[in-house]
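The values are calculated or read from the model by the stated rules, or taken from the named source; none is laboratory data. Computed from a predicted structure; not experimentally measured. For neighbour counting, all protein chains shown are included, and Cβ atoms are generated from backbone atoms with ideal geometry for every residue, glycine included.
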Amino acid sequence: MNIGKRICKLRKDKKMTQQELADRLFVTDKTISSWESGRTEPSLDLIIKLSEILDCDVGYLVYGNNPKSDVETEIKFKLDEAEYKRIIRFMTKNASFINESRQVDTYYQPTHRSFLEGEVINEWIRIGERGQKKILNYKNWHDNMYCDEWEVEIDNSENLDKIFKVLGLEIIAVVDKVRKKYMYLDKYEISLDFVKELGYFIEIEVKKYDKDPIGEYGDLIKLAKELNLNLNNIDKRGYPYHLIFNNKNPHSC
């Protein structure tokens, strides 16, 4: 399936006509028809807009990856302000800007469970606010290199809160961040985060798989070195852990 067929499928899933999609993109319906028939392809700017309108990943439109991938390979680093600004300058020159957004993620755990300081947590369940949307997300990490991931959009958060209470789940942390996203080398989605109470981070995620997850993780390490990131600053604990223990000890991060 090429990019045009993926656009067509996602448009029909949204029950949109070619004209309705064209109006939202400020193009003609003939342009949409040309994409869907494979005669032409949208520019990167329009691909980014399409991903927002059709509610899918940029990588899915371009490469055909599953828009709700069950595997995620990524790496995250703690940055200082100077490193953050340096990488912003580099991405501005060498990568394609996707968007900037505020994201608020609420993390939960069973009431009988408590984290120990220094512990590496392999499982998370969270509710993420993305504009007007709320997404329920579950991750299960394998050796901190890649994870199984499932998510679903929530249309009734009040009822979900009631279900969580019945299941014995309670809020442990709320992560409030501003994220700038870039596409780099047509393969990596690079997110630069400023997290309230925690500071600056960079997250690099594979969007086009040429190898198995472990092989891709090795390439992430190589890319991190090329970006002059300090491998000693790899973050394997996650924002919720830091917030929990940051509140107990301001210098724990």
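Quick test for you: out of V166, V178, pick the one residue that is surrounded by fewer than 16 Cβ atoms within 10 Å (Cβ to Cβ), at pLDDT below 95, hydrophobic (A, V, I, L, M, F, W, C) and out of contact with any helix residue (DSSP H, G or I) (no Cβ under 7 Å at 6 or more places or on another chain). Talk me through it step by step, then tell me what you get.
Values: V178 fails: at pLDDT below 95.
Result of the check over V166, V178: V166.
Every residue in the stretch 102-119 that is in contact with a Lys or Arg (Cβ under 6 Å, 6 or more places away or on another chain) and over 11 Å from A173 (Cα atoms), please.
Q103 - this is the single residue of the stretch 102-119 that is in contact with a Lys or Arg (Cβ under 6 Å, 6 or more places away or on another chain) and over 11 Å from A173 (Cα atoms).
Please go through (1) surrounded by fewer than 17 Cβ atoms within 10 Å (Cβ to Cβ); (2) more than 18 Å from the chain's Cα centre (by Cα) for Q109 and return the number of the only condition it doesn't satisfy.
Exception for Q109: condition (1).
In the stretch 127-176, which residues are in a strand (DSSP E or B) and of a type in the set (A, V, I, L, M)?
Going through the stretch 127-176, the residues in a strand (DSSP E or B) turn out to be 127-130, 133-142, 146-153, 169-176.
Selection gives I127, I135, L136, V152, L169, I171, I172, A173, V174, V175.
Exactly one of these conditions fails for I53: (1) modelled with pLDDT under 90; (2) within 30 Å of L25 (Cα to Cα). Give me its number.
The one condition I53 does not meet is (1).
Within the stretch 238-253, how many residues are part of a loop (DSSP other than H, G, I, E, B) and at pLDDT 85 or above? Working first, answer last.
Our first condition is that a residue be part of a loop (DSSP other than H, G, I, E, B); within the stretch 238-253, this holds for 238, 249-253.
When the remaining residues are screened for being at pLDDT 85 or above, the result is 238.
So the count comes out to 1.
What are the residues in the stretch 157-175 that are under 15 Å from L243 (Cα atoms) and small (G, A, S), if any? Walk me through it before giving the result.
Taking the stretch 157-175 and keeping what is under 15 Å from L243 (Cα atoms), we get 171-175.
Selection gives A173 alone.
Quickly run through the stretch 194-216 and pick out the residues that are of a type in the set (D, E, K, R), touching a residue at least 40 places away in the same chain (Cβ under 8 Å) and in contact with a strand residue (DSSP E or B) (Cβ under 6 Å, 6 or more places away or on another chain).
To start, the set of residues in the stretch 194-216 that are of a type in the set (D, E, K, R) comprises 196-197, 203, 205, 207-208, 210-212, 216.
The next check asks that each one be touching a residue at least 40 places away in the same chain (Cβ under 8 Å); those that pass are 197, 203, 205, 207-208, 216.
Passing the criteria: E203, E205, K207, E216.
Which of the residues spanning the stretch 191-230 are more than 15 Å from the chain's Cα centre (by Cα), in a strand (DSSP E or B) and within 20 Å of I98 (Cα to Cα)?
First pass over the stretch 191-230, keeping only residues more than 15 Å from the chain's Cα centre (by Cα): 196-200, 209-230.
From what's left, in a strand (DSSP E or B): 199-200.
Residue satisfying the conditions is Y200 alone.
Tell me, please, whether a residue that is within 30 Å of V62 (Cα to Cα), out of contact with any strand residue (DSSP E or B) (no Cβ under 8 Å at 6 or more places or on another chain) and of a type outside the set (A, V, I, L, M) can be found in the stretch 157-164. Before the answer, list the steps.
Within the stretch 157-164, the subset within 30 Å of V62 (Cα to Cα) is none.
Within the stretch 157-164 (the criterion being within 30 Å of V62 (Cα to Cα), out of contact with any strand residue (DSSP E or B) (no Cβ under 8 Å at 6 or more places or on another chain) and of a type outside the set (A, V, I, L, M)), the answer is no, since none of the residues qualifies.
Six or more apart or on different chains, Cβ atoms under 8 Å: show the pairs whose first residue is in the stretch 84-95 and under 17 Å from Y200 (Cα atoms) and whose second is aromatic (F, W, Y).
Partner pairs satisfying both residue conditions: Y84/F194; Y84/Y200; M91/F97; M91/Y182; M91/Y184.
For the stretch 101-126, which residues satisfy the criterion of being closer than 29 Å to L227 by Cα and not in a strand (DSSP E or B)? Before the answer, list the steps.
Step one: list which residues in the stretch 101-126 are closer than 29 Å to L227 by Cα, which gives 101-105, 118-124.
G118, E119, V120, I121, N122, listed by residue number.
Restricting to the stretch 84-100, give me the number of residues that are surrounded by 14 or more Cβ atoms within 10 Å (Cβ to Cβ), in a strand (DSSP E or B) and not hydrophobic (A, V, I, L, M, F, W, C).
So the answer is 1.
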